[in-house]
1. Can you pull out every residue in the range 55-99 that is surrounded by fewer than 18 Cβ atoms within 10 Å (Cβ to Cβ), outside any helix (DSSP H, G or I) and hydrophobic (A, V, I, L, M, F, W, C)?
2. Please give the strands (runs of 3 or more DSSP E) falling wholly within the range 100-198 in which 1 or more residues are buried (at least 21 other Cβ atoms within 10 Å of the Cβ) and in contact (Cβ under 8 Å) with a residue 40 or more places away in the chain.
Amino acid sequence: MGQVQRPGAGRTASLCTQAALRYPDGPMNAPDLEPTPAGATDATDADEAFMRMALAEAARAADAGEVPVGALIVAGGRVIGRGHNLRERSQDPTSHAEMVALRAAAARLACWRLLDATCYVTLEPCPMCAGALVHARVARVVYGCDDPKAGALRSLYRLGEDSRLNHRFETRAGVLADECAAALSSFFAAIRAGRRGR
């Protein structure tokens, strides 16, 4: 998908990238960044491997009593941001997994433009998160299962490819969809069972 840039946007984005990559020990080369998972031989393998890492984030959310959605931001084959739902803990309605991961990635790079980055998320992004991904200028979004009630990339809206917006990104849906859906189903089933047991 193409993207439309405002005058001067390319220069500013270039400056962000230069600042992030300026020093050998700078943000993009930090030792705690995780490289492309071992054994990933092509884009499909890498997508599945990173989605498994997003599922691990979703499991952390479930362990904390949060809806199990996990997200990663990956650039240059490395994880630069990660997150899971934190709405209950933070009492912040914007603390969706994607938002947490985007904030972490932008903070790491000291730049809000996440050009050439891919967001991996276990559930199709909602309108808020899809809008944030547009604003962050990500190149690609890979998600697990569809969200028929709030999905904004395929189910209800197609914000990632809307030509009226100033940026568009590639979307890949259905990566490990069954596992992502199962994490959500088992979480809500446990909640329902707990309510019945009272």
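1. Scanning the range 55-99 gives a single hit, 64.
2. Of the strands (runs of 3 or more DSSP E) lying wholly inside the range 100-198, those with at least 1 residues that are buried (at least 21 other Cβ atoms within 10 Å of the Cβ) and in contact (Cβ under 8 Å) with a residue 40 or more places away in the chain span 118-123, 140-145.
Each value in this text was obtained by applying a stated rule to the coordinates, not by laboratory testing. Computed from a predicted model, the values in this text were never measured in an experiment. So basically every Cβ, Gly included, is an ideal-geometry build from the backbone, and we count neighbours across all protein chains shown.
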